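Right, one structure below, let's go through it.
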Amino acid sequence: MWKNRRDKQVNAASTIQEKTQKAKAFARTVTGIAIAASVISTAASPAYSVEPDISQATCLDNGILDDERAMLLDIYHGFLASESGTYQTVEFYPTNQWKNWPRALEVCYFHSVKPGVMKLYGNIFHEGRYQVSIERTENMDVARQKEAEYDAEVARLVSMVEGKTADEKIRFFHDYIVQKCVYDYSYTKSRAYDCLVEGISVCNGYAAAFYNLCSAAGLEAGYIAGSVKVEDQGMVIHAWNRVKNGDGKWLYYDITFDDVLGSYQYYGLTEDVMGQDHFPEEVI
């Protein structure tokens, strides 16, 4: 038992170290590209990207442009590489603050902390393009450790469904989250990390974790933010999911409700049925 625990600690430390090195290398790459671009031209910057972690593998397919995907990677890795928890992109990106990329950043990248305050900066030499800054003071060693732990847990669970059908993967992830996570009635835990690693969260953590797992396992999935009609409470802000099943049809899942109710009442519903009391406002 002690040997297994020691092996897990060694593996976790190795994962954290790799993630830190990856983030810092990415930040150096961004800076190097930006410097080279400024020497060559003041026009559009060259494209670049790095491989996302497994929990981000197929996120952001819903209306997110390639430049915006590069921006989100830049913000996330730059944040992890910083020691203060603040970061501003070197590159200028063609983005719009009213699009859904802030939500995508929160669901697909920042698994243990909320992104924090973000601002856009533009200038006359980069019309329609902006630098993005993030201000989130954190203990960065702890933040990097949590993100590494989350990625490792996603990878572990995804490895357990290799070779299974789409429907089997969906059922496994649904049931695992229901067994692992309990609803946080103190309303202080809301991240995917809280749900999948610590085992306690509100609806956002349930929905984000399920989305990350399904996406990383090669399923076409969606994270849905909106409101739900609750008896004696009226309309309440909520998050749930949709996933394409083995027949290529979108089916809808509310794991939070299934957990709280102790049933499969909100498992694999059609859009019309889910829409009777769930009202979507944003889909990632």
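Read-outs throughout are calculated quantities, based only on the coordinates presented, and are distinct from any laboratory measurement. These numbers come from a predicted model, not from an experiment. Quick reminder, even Gly has a Cβ in these numbers, built from the backbone with ideal geometry, and neighbours come from all protein chains shown.
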Considering segment 130-142, residues that are among the charged types (D, E, K, R) and touching a residue at least 40 places away in the same chain (Cβ under 8 Å), and then whichever is surrounded by the fewest Cβ atoms within 10 Å (Cβ to Cβ), we arrive at Glu135
Cβ pairs under 9 Å, 6+ apart or interchain, first in segment 94-118 and closer than 20 Å to Asp66 by Cα, second assigned to a loop (DSSP other than H, G, I, E, B) and among the acidic types (Asp, Glu), ordered by first then second residue, are Tyr109/Asp53
Okay, helices (runs of 4 or more DSSP H) sitting entirely in segment 115-233 with 2 or more residues that are touching a strand residue (DSSP E or B) at 6+ places or on another chain (Cβ under 8 Å), I get 166-180, 203-216
Reported set for segment 246-275 where residues are of a type in the set (S, T, N, Q) and more than 21 Å from the chain's Cα centre (by Cα) is Ser263, Gln265, Thr270
Going through segment 170-193 in order, the residues found to be free of Cβ contacts under 8 Å to residues at least 60 places away in the same chain and buried (at least 24 other Cβ atoms within 10 Å of the Cβ) are Phe173
Original post:
Does segment 67-84 contain any residue that is polar (S, T, N, Q) and in contact with a Ser or Thr (Cβ under 6 Å, 6 or more places away or on another chain)?
Top reply: no
Per the filter on segment 243-281, residues among the charged types (D, E, K, R) and touching a helix residue (DSSP H, G or I) at 6+ places or on another chain (Cβ under 8 Å) are Lys244, Asp254, Asp258, Asp259
Filter segment 80-92 for residues that are surrounded by 19 or more Cβ atoms within 10 Å (Cβ to Cβ) and in contact with a helix residue (DSSP H, G or I) (Cβ under 8 Å, 6 or more places away or on another chain); the one that is nearest to Tyr109 (Cα to Cα) is Leu80
